[in-house]
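The values are calculated or read from the model by the stated rules, or taken from the named source; none is laboratory data. Here the structure is a predicted model, which is why all the values come from computation and not from measurement. Cβ sites come from the backbone with ideal geometry, for glycine too, and all protein chains shown count toward neighbours.
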Amino acid sequence: DTAVSQTPKYLVTQMGNDKSIKCEQNLGHDTMYWYKQDSKKFLKIMFSYNNKELIINETVPNRFSPKSPDKAHLNLHINSLELGDSAVYFCASSLPSLARNEQFFGPGTRLTVL
Amino acid sequence: GENVEQHPSTLSVQEGDSAVIKCTYSDSASNYFPWYKQELGKRPQLIIDIRSNVGEKKDQRIAVTLNKTAKHFSLHITETQPEDSAVYFCAAREANNAGNMLTFGGGTRLMVKP
């Protein structure tokens with residue numbers, strides 16, 4: 001069974017477009033995350049979200065917004081895409097911080113902005 | 001916020017040799033330090049973690065050491081095998097981090113030559 005899944009796996013789009021990446025976890029976790037991995041492999045947290053609060057990394061542009069329809073899903077919406085948004089985006093999930101901390105990552109979505 | 005530095009950025013070893021990757025962190029309040037392995041084109045996966053109340057932890061061929069005073073921690077892989085070739089990331093989590101967000105180091109590309 002797939003623990004954390006993302007769709008699509010690849011996304012190619014033009015500058016200025018709006019796009020979404022979907023994420024689902026079937027682990028029963030309370031907290032979900034979005035990470036951005038750039039071409040140099042730097043892995044950077046963008047958001048942390050549980051059913052109580054959204055924590056935003058202050059460096060993330062407000063063109064990026066996470067949306068959670070329910071506890072098992074955290075989708076990433078990106079408005080007015082820019083060339084610098086090209087990267088691999090990973091969704092992850094974990095139990096609450098006071099419990100086991102392991103974060104389980106999805107397979108990633110490679111976004112290419114032309 | 002937390003800042004994690006990781007060295008070296010690339011490491012090449014002969015099969016059977018040991019490999020050591022080092023990380024330093026800036027926030028003395030950080031209390032959780034995981035290591036993730038990312039194979040080419042795959043998702044990051046947790047291989048070992050350590051909490052601030054422990055100085056060393058072992059799991060078969062891998063071990064992690066933590067020096068809280070110096071604010072650095074290291075990953076040790078013994079008897080390396082070609083399948084250990086991957087990018088390894090260290091990370092740190094601040095104790096008062098409500099979102100359980102991890103700050104990652106820049107990654108180390110380990111190449112094990114047969």
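Where strands (runs of 3 or more DSSP E) sit wholly within the range B:8-114, those with at least 1 residues that are hydrophobic (A, V, I, L, M, F, W, C), crowded, with 18+ Cβ neighbours inside 10 Å and within 13 Å of the chain's Cα centre (by Cα) occupy B:19-25, B:30-38, B:45-51, B:62-67, B:72-77, B:86-94, B:108-113.
Picking from residues in the range A:34-63 that are of a type in the set (Phe, Trp, Tyr) and touching a Pro at 6+ places or on another chain (Cβ under 8 Å), the one that is modelled with the highest pLDDT is A:Trp34. A single entry from B:Val4, B:Val64, B:Val13, B:Val112 fulfils the requirement of being modelled with pLDDT of 95 or more, touching a His at 6+ places or on another chain (Cβ under 9 Å) and among the β-branched types (Val, Ile, Thr): B:Val64.
The set of residues in the range B:77-94 that are under 16 Å from B:Asp59 (Cβ atoms) and touching a Ser or Thr at 6+ places or on another chain (Cβ under 8 Å) comprises B:Ile77, B:Thr78, B:Glu79, B:Thr80, B:Tyr88. Picking from residues in the range A:63-114 that are more than 14 Å from the chain's Cα centre (by Cα) and among the hydroxyl-bearing types (Ser, Thr, Tyr), the one that is farthest from A:Ile21 (Cα to Cα) is A:Ser97. For the range A:88-114, a residue qualifies if it is within 15 Å of A:Met15 (Cα to Cα) and either within 14 Å of chain B (Cβ to nearest Cβ) or not in a strand (DSSP E or B) (or both), and exactly one does: A:Leu114. With respect to (1) under 15 Å from the mean Cα position of the chain (by Cα); (2) assigned to a strand (DSSP E or B); (3) more than 19 Å from B:Pro44 (Cα to Cα), the lone exception for A:Trp34 is condition (3).
What is the residue count in the range A:37-49 for residues that are facing chain B (nearest Cβ under 9 Å) and assigned to a loop (DSSP other than H, G, I, E, B)? The total comes to 3. Does the range A:86-114 hold any residues that are in contact with a Lys or Arg (Cβ under 8 Å, 6 or more places away or on another chain) and at pLDDT 95 or above, and which are they? Listed by number, the residues that qualify are A:Ala87, A:Val88, A:Tyr89, A:Phe90, A:Phe105, A:Gly106, A:Pro107, A:Gly108, A:Thr109, A:Arg110, A:Leu111.
Looking across the range B:65-85, just one residue is in contact with a Phe, Trp or Tyr (Cβ under 8 Å, 6 or more places away or on another chain) and closer than 25 Å to B:Lys113 by Cβ, and that is B:Leu75. Taking the criterion of being within 12 Å of another protein chain (Cβ to nearest Cβ), closer than 29 Å to A:Gln6 by Cα and touching an Asp or Glu at 6+ places or on another chain (Cβ under 9 Å), would at least one residue in the range B:49-70 satisfy it? Looking through the range B:49-70, at least one residue is within 12 Å of another protein chain (Cβ to nearest Cβ), closer than 29 Å to A:Gln6 by Cα and touching an Asp or Glu at 6+ places or on another chain (Cβ under 9 Å). Per the conditions (1) away from chain B (no Cβ under 14 Å); (2) outside any loop (DSSP other than H, G, I, E, B); (3) hydrophobic (A, V, I, L, M, F, W, C), the sole criterion not satisfied by A:Leu81 is (2). Do we have any residue at all in the range A:50-61 that's outside any loop (DSSP other than H, G, I, E, B) and more than 14 Å from every other protein chain (Cβ to nearest Cβ)? Checking the range A:50-61: not a single residue is outside any loop (DSSP other than H, G, I, E, B) and more than 14 Å from every other protein chain (Cβ to nearest Cβ).
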